[in-house]
Every structure is written in C-alpha cells, then in structure tokens.
Amino acid sequence: MAATPMDFLRLALDEARKCIPSPTAFCVGSVLTATYPPGSAKPVILARGYSRELPGNTHAEANALTKARQLTEAQLLELFPDASPPLSIDTILSHADIYTTMEPCSIRTSGLAPCADAVIAAGIKRCFIGVGEPDDFVNCEGARKLKDAGVEVIWLAGMEKECLEVARMGRE
C-alpha cells in the first residue's frame, strides 16, 4: 500500500521529536520525497531533516535539502532505478514534494536564509504543511511566499495540535 501524505507528515513529526529544544526556536521536522521518472507509482524518500540537526542554526527543510544535495548520482540511480542516467539532484527536486510539520519560515531572526526561499530555489513543486507558524517569534508568511512563487501549498488537516506541541517541546 502506498504511503499517504499523512504518513509522510508522521515521519516528519518523528524527525521533529529528535530536536534539542530551544527557548528561542521551534522543533520542526521535514521529509523530502520525489516521484521519478514522472508517472512512477510511488514517492521515494530523498532525505529527512530536523531543526538544529546540522551545524549552523539550521532549520528542518534546509537540512533535508542539504542532505538531498549530498546524494551522488549512483545513490540517485539506486533510489530511482527506472531513471536513465545522467541523473542530477536538480532534476529530481523538480519532481519533489516537501512535508514539514510547520510552515516554512519566511524570515529568520538570525539573518540566515529563510526556508521558504530554499524550497523555492530548489524548484520543489508541492509543500505539505502540518501547522502554520504561530507568531511566537516572527510574523511568518512562508505559505504565501511559496504560493506567490508557484509552489502548491497543501495544508494537512488533523495533526495541527500534535505538530504545535512538538514544535514547542521544552518550553513552558
């Protein structure tokens, strides 16, 4: 049986639970999938990521993208055996979806690049979101930014409370 968008969001929540809580940031998880070649039956997980996983005050979506960009052509061909070489991560990302427990950020108080910009730059076609970013730190407009850039934004209803609880882990 093929995985559903809610299954991928649950995997993203599993990633978010790996975060080291921070009083000044959310705990977010992300899963990057792709269906390639076009028309293939089921999506393949390219990479997963969570907030602060990689050095440098990193966010979940950026971490998943960084890990996907580290895949070699041989690894991509292993993930997508029906694809013809040469195969590049840029080609795969143009057929990718990203699942994130919280709306991708549109502004970073640290001055680093926002995740919405990274998703747009990667050419990802769809973004599935578990919950909107609350105004704890900034007024987020990530979903609007994605839509304005032509990324299809899909709000997954039903797990908002859990996504928000995990996001605020360690904060009272």
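Values in this text are rule-based calculations from the coordinates and carry no lab data. These numbers come from a predicted model, not from an experiment. Note: ideal-geometry Cβ built from the backbone for every residue, glycine included; neighbour counts use all protein chains shown.
Here are the numbers for this structure:
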item	result
Summed residue charge, Cβ within 14 Å of LEU76's Cβ, Lys/Arg positive, Asp/Glu negative	-2
Over region 14-94, relative contact order from alpha-carbon pairs under 8 Å, at least 6 apart, %	24 percent
Under 17 Å from LYS67, Cα to Cα: lysines that are on another chain or at least 8 residues apart	LYS18
Rounded tilt (10° steps) of 60-69 against the dominant C-alpha axis of the chain	20 degrees
For the chain: rounded, prolate or oblate by the Cα gyration tensor [a/c cutoff 1.5]	prolate
Positive dipole terminus of region 5-167, leading residue within TRP155, MET102, GLN75 (C-beta point charges)	GLN75
